[in-house]
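Report on one structure; see the data block that follows.
FYI, it's all coordinate maths here, none of it is from the lab. Keep in mind the model is a prediction, meaning the values are calculated, not measured. Cβ: placed from backbone, ideal geometry, glycine included. Neighbour counts: every protein chain shown.
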Amino acid sequence: MVMNKGIGLRAMGRKEPTRRSVIAGCAAAALTMLAPTNLMAQEWPSRPIELVVPFAPGGGTDLLARALADELSKQFKVPVQVVNRAGGGGVVGFEEIKSAKPDGHTLGILTAQIITANLRGVMQTSYKDFAPVAMLSIDYAGLSVQADAKWKTLAEFLDDAKASPGTITVGNGSQGGSFHMLARNLEEAAGVQVKHVPFDGGPAAIVQLLGGHIDSTINGITETLPYIQSGQLRMLAVSGPKRYPELPDVPTSGELGYPLDIATWRGVGMPKDTPPEIVAKISDAVATAAKADTFLAAMKKIGANVEYMNSSEFSEYLAKQEEIYKKIF
């Protein structure tokens with residue numbers, strides 16, 4: 001015998017669930033699931049925050065991170081501690097940021113190596129494994145030669161590179177670094193081939209250029225500027241969207257027909273599953289830090305160009321950078 005569902009429930013002393021009660025129950029369940037995340041965001045930060053730097057102390061990325069940590073500590077009322085995790089050209093630090101507990105108490109500095117290391121096959125982790133928080137600085141570069149070099153313009157330099165493939169040497173601060181990739185980008189755009197010579201940092205490359213051991217370098221503009229101003233070096237072109245204020249007579253590569261969009265940039269990222277409310281709070285805090293007089297003074301001292309992007313803008317920038325790098329590798 002088949003029992004009528006409604007009668008059976010009433011006979012057992014149970015009410016048949018109504019559509020309204022079902023919806024209410026589902027809503028309550030959803031709220032229960034969301035409660036831990038919302039509560040976490042409300043109580044955050046509940047202890048000191050770690051800011052992981054994937055490079056050694058004393059470099060530009062480390063100094064930027066320490067200036068940022070000071071500003072964030074003021075805003076969040078808890079210590080923001082810089083932790084250096086050097087190794088593998090950034091790989092060790094990136095992996096630590098990625099694998100940290102996504103509770104908002106670990107963040108880190110992301111650089112272009114998060115893309116290049118992945119594309120070079122030395123790291124499986126990619127920028128997609130992080131929650132992008134904010135972009136903080138973008139530093140553009142310039143192609144420089146000795147002041148008495150035969151090349152007076154970028155066109156002359158490229159003509160020689162085209163006539164004698166692989167003979168003109170171009171120094172850079174590291175294999176696979178942003179400025180090495182910028183030189184590769186110029187090769188691809190101009191249809192030339194040069195000889196890349198990596199050094200342990202941009203200043204070492206400049207020393208070799210000054211000594212006449214290499215023909216040119218692609219370095220950060222602020223690194224090269226003193227030697228341009230002293231008349232020891234000549235800059236043929238700068239990358240980026242506009243001319244550098246201190247070098248108004250040096251054209252951009254884009255003006256000369258070679259738009260290049262690779263730079264040394266530094267942003268802030270967190271483990272991928274960090275609650276979006278916390279990501280948004282830190283993004284806003286970085287925006288405030290980027291305007292602080294003390295932070296701006298620290299950035300000027302190390303020659304960093306402050307350029308803030310929020311989380312969504314930073315995410316779009318990363319995707320575009322990956323597409324540019326893919327064309328080079």
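For the peptides 230-240, 136-146, 150-160, the ranking by packing is 136-146, 230-240, 150-160, with the highest mean count of neighbouring Cβ atoms within 10 Å listed first. Rounded to the nearest 5, what is the percent of antiparallel bridges among the DSSP beta bridges in the chain? Within the chain, antiparallel bridges account for around 60 percent of the total. Given axes a ≥ b ≥ c from the Cα gyration tensor, I'd like to know whether segment 141-238 is rounded (a/c under 1.5), prolate (a/b larger than b/c) or oblate. In terms of gyration-tensor shape, oblate. For helix 60-76, what angle does its Cα long axis make with the longest principal axis of the chain, in degrees from 0 to 90 and rounded to 10? Once rounded, one gets 40 degrees.
Who wins for biggest fluctuation among PRO102, PRO271, PRO245 in a Gaussian network model of the chain, springs between alpha carbons below 10 Å? Maximum among the listed residues: PRO245. Given +1 at the Cβ of Lys and Arg, -1 at the Cβ of Asp and Glu and no other charges, the dipole of the chain around its Cα centre is 1560 debye to the nearest 20.
Subtracting the Cα-Cα distance of GLU323 and LYS77 from their residue separation scaled by 0.36 nm leaves 84.6 nm.
Taking other residues whose beta carbon is less than 11 angstrom from the beta carbon of TYR308, and scoring Lys, Arg as +1 and Asp, Glu as -1, yields -2.
Short-range pairs are left out: with C-alpha atoms under 8 Å and at least six residues apart, the relative contact order of the chain is 24 percent.
Qualifying GluC sites (Glu not before Pro) in segment 187-245, where qualification requires a DSSP coil assignment and no more than 12 other C-beta atoms within 10 Å, are lacking entirely. Axis angle, to the nearest 10 degrees, between helix 19-43 and the longest C-alpha principal axis of the chain: 40 degrees.
Look at the alpha carbon pairs under 8 Å that are at least 6 residues apart: their mean separation over the length of segment 141-238 gives a relative contact order of 46 percent. For segment 236-329, the average shadow cast by the Cα convex hull is 8.0 nm², which is a quarter of the hull's surface. Please report, to two decimal places, log10 I(q)/I(0) for the chain at q = 0.06, 0.08, 0.16 Å⁻¹ as given by the Debye formula with identical point scatterers on the Cα atoms and no solvent. Taking Cα atoms of the chain as identical point scatterers yields -0.29, -0.45, -1.31.
Once you've got the GNM for the chain with C-alpha springs shorter than 10 Å, pick whichever of ALA65, ALA56, ALA134 has the biggest mean-square fluctuation. It is ALA56. In a DSSP loop and with at most 16 other Cβ atoms within 10 Å, the GluC sites (Glu not before Pro) in segment 244-329 are GLU246, GLU255. Comparing PRO259, PRO48, PRO165 in a Gaussian network model of the chain, where Cα atoms under 10 Å apart are tied by springs, the biggest mean-square fluctuation is seen for PRO165. Relative to the longest principal axis of the C-alpha atoms of the chain, give the angle of the C-alpha long axis of helix 154-163, reported between 0 and 90° and rounded to the nearest 10°. Result, in degrees: 80.
Among beta bridges from DSSP that stay inside segment 141-238, the antiparallel ones total about 60%.
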